[in-house]
Amino acid sequence: MGKNRLEAFSDGVIAIIITIMVLDLKVPHTAQLAELEPLLPVLLSYILSFIYVGIYWNNHHHMFHSTKFVTGGILWANLHLLFWLSLFPFTTGWMGENHLAPVPTAVYGFVLLMAAIAYYILQRAIIAQQGRDSLLATAIGKDWKGKLSPVLYLAAIPLAFVSVWIANGLFVFVAFLWLVPDRRIERVLTKGEKE
């Protein structure tokens, strides 16, 4: 099967996720800067989640750019990823509205962990279908960031009950890890086009 419908559907779902998240930002009723202070946890959790959704969208785009065609298994693996991403607005809003309280922070970490696992499953499904010598398999290589991220999420979940600042610091650290442009797939694709 072609991959265009999967990519278009995924882009639409991700756009809706971002739209739902921004709707949780309530406009202050006055023009005073002090009115923004109670909204700061909501705004910070939104910014973090927006970055995460952007990272997933970017990596998803690159991954499917290297994919020739999709199977039913890849479609289901992609839906699995979209399911966990679709929970971002809920967990983002819950964490922000409760001023980064331990339970919402731990649940946020759990959703981040499950999204990372779902992304890994999707990668493996594509590699299984395309082969160990595929562009994606070559580009991913050892994937140290992909292996480190779930470990840090797993550590952050219980740490949320010790210090929400440490847990959120780990979430921010992982986001910054992935913000550094990962050009592995672009390099492999460019190299393949030149040959």
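Bear in mind that the values in this text are calculations on the coordinates, not laboratory data. Just so it is clear, the structure is predicted and the values come from calculations on it, not from any experiment. Note that we place each Cβ from the backbone using ideal geometry, even for glycine, and neighbour counts take in every protein chain shown.
What to note about this one:
- Neighbour cut-off at most 13 other Cβ (10 Å), DSSP loop, trypsin sites (Lys or Arg not before Pro), segment 112-152: Arg132, Lys142
- Distance between the modelled labels on Trp144 and Ile20, one decimal in nanometres: 3.6 nm (7 Å Cα→Cβ projection).
- Helix 164-179 vs. the chain, principal-axis angle (Cα, 0 to 90°, nearest 10): 30
- Listed residues Gly72, Gly93, Gly146, most fluctuating in the chain (Gaussian network, C-alpha, under 10 Å): Gly72
- Note on the chain: dipole from Cβ charges, positive end direction compared against Phe161, Leu135, Phe83; the farthest Cα belongs to Leu135.
- Across every direction, the projection of the convex hull enclosing the Cα atoms of segment 1-106 has a mean area of 7.6 nm².
- Lysine pairs within the chain, Cα separation less than 29 Å, 8 or more sequence positions apart or different chains: 16
- Counting every alpha-carbon pair across segment 58-136, the share separated by more than 20 Å comes to 41%.
- Taking 0.36 nm per residue of sequence separation and removing the Cα-Cα distance, the Val180/Ala8 pair yields an extension gain of 59.4 nm.
- FRET efficiency for Ser163 and Thr30, using Cβ-Cβ distance with R0 set to 35 Å, rounded to 0.05: 0.55
- One equal scatterer on each Cα of the chain, no solvent, Debye formula: the resulting log10 I(q)/I(0) at q = 0.15 Å⁻¹ is -0.92.
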